[in-house]
Each structure stands twice: as structure tokens, then as C-alpha cells.
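Each remark here refers to the structure printed beneath this line.
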Amino acid sequence: MGSLDSFFQEKSFVTLIAIGILIMLAFALAFILYANHSQKKILKQQMHHQELAYQHQEDLLHSTILTQESERKRIARDLHDEIGSKLNVIFLNICRLREHNISDDEMGTITDEVESVINTTIDSIRLISHELLPPTLEEFGLVEAIRELQYGFNKMDGVYIHFAPTVTENLIEDKIIELNLFRVLQELINNSIRHGKASEITIQLSPDPAIIKLEYRDNGEGFEMDKFEHKKGLGMKNIESRLHMIHAQYKIDSLLGQGVTMEIEVPNTPNENMKFS
């Protein structure tokens, strides 16, 4: 009888061990399945983030191309309308000068007309070149270029720009950084006036040898941030493209009825292999 009890005890012990092993295997299998599922989920999320990043890069490239094409069309139109038409007037007046029997009075009138058209042509060329690369930016740097921009807008009705640089001297040596920050400001001001209906804009510039900080605020209509990513226009994509080119970090904040704030930080280091655009 004792041997029978011992047999059943051994059998129960083996059964318990077997059940324990099965439970451990089940836990191990469940852990492996869970780990595998989690890894797949993480990989899927990483691939999704990569796809979004690639799509963002494509959007930036696309917006850059569209902006460049728009600028080229504008320049071509200005050259055709402003310069081409004036050169035609000069050509016609030269043809008149070739005619015989022109009185001294007619000669003087034609000469005066040619001189006047030449002067207006020079002014038009200066204006077009100023749009391409503002001479103040090229000669005196970003601070003075923003001052000139501020002065031009503050002479107009409807909007007032406050500009507060922390330094008066130019601490930004890279012309590519200066040009792109200037174009970004132009685009931001344009968005504030056209879309945000802003009446006041504040610009703060804090350049130092390591980091250039630029803060922009307006008192316009603002927008909902959760809808911002889905409603970016060409202007905003152009801003992002320019900031990406100069390796800038930026943050945008806005609320309906409370305007827009944008903070930009750019490494104050030369950007090699970049061209003006």
C-alpha cells in the first residue's frame, strides 16, 4: 500500500512539473509573440515616420521649385513690361532722329524723351535688382536691411512694425543666412498682412557668435495649430524650405484671435556649397 501511495505521489509530482513546464513554455511563447508584435509595431511606426519625413522633404523641394519658377516668371514679366517697353520707346525715338529735315526743336524734344526714358529704365533696373538682392542687405547686413523693411511698411497705413535688435553691428558673416532670414521675414510679414489681417508686428533679432535668434510675433487672427499641418500654403512651405537650407530650428505657436509667434534659431556658421536663391 505504501508503494502505491509513493507511486501516485511521484506521478502527481511529475504531473505538476509537467504542468509547470507547460505554463512556463506558454508564458515564454506569449512573451515571444508579444515581443514580436511590439517589434513589428515599432518598425511600422518607424517606417511611417520615415515616410512622413520623405514626404515632408518632397513638399519642401516642390515648394522651392514652385517659388523659384514664380520668381523667374515675375522677373521675366518685369523685364518684358518695364525694360522691354522702354527700350522700344528709345528705339522708336532713335529712328525718328534718323529722319531728314528734323528741326532743332524736334531734335531737342526727341533727345529729352530719350533721356527721360533712359532714366526711368535705370530706375526700373535698380528696382528689379533690389528685389533680387537688396543692396542694403549686401552692403550693411541683416539688421539694417530689416530697418529699411520696417521703415517702408511703417510709412504705409494699416500695419506697424516694431524691430528690436540686441546689437547694432552686424555679427552675421554668412550672406546666405542673411538672405534666407530676410526672405523668411518678408514672407511672414506678407502672411500676417494678407491672411492674418495683423496691424502690429514685432521682430526681435539676437545674433551672437554661436547662435542667431529671431523671434516674430503679430496680433493677427491666428489659427488652430491642430489644423496647421494640413493647411500649409506655398508661402509657409517656402519659409520651411529656406529654414531647412540654413539648418535652422524653428517653432510656431498660434491661437485663434491671438496672432502668430515664430521662434527661429540658426547656427552662426558658414553654409558651404549653397547659392543665393
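The values are calculated or read from the model by the stated rules, or taken from the named source; none is laboratory data. None of these values were measured; they are calculated from a predicted model. Heads up, the Cβs are rebuilt from the backbone with ideal geometry, glycines too, and the neighbour counts pull from every protein chain shown.
Scanning the stretch 118-143 for residues that are at pLDDT 80 or above, in a helix (DSSP H, G or I), within 21 Å of the chain's Cα centre (by Cα) and not hydrophobic (A, V, I, L, M, F, W, C) gives a single hit, E138. Selection over the stretch 167-193 of residues that are farther than 18 Å from T269 by Cα and at pLDDT 85 or above gives a count of 11. For the stretch 233-257, a residue qualifies if it is in contact with a helix residue (DSSP H, G or I) (Cβ under 7 Å, 6 or more places away or on another chain) and small (G, A, S), and the qualifying residues are G235, S241, S254.
Evaluated against (1) modelled with pLDDT under 85; (2) on the phi > 0 side of the Ramachandran plot; (3) not aliphatic (A, V, I, L, M), K197 falls short on exactly one condition, (1).
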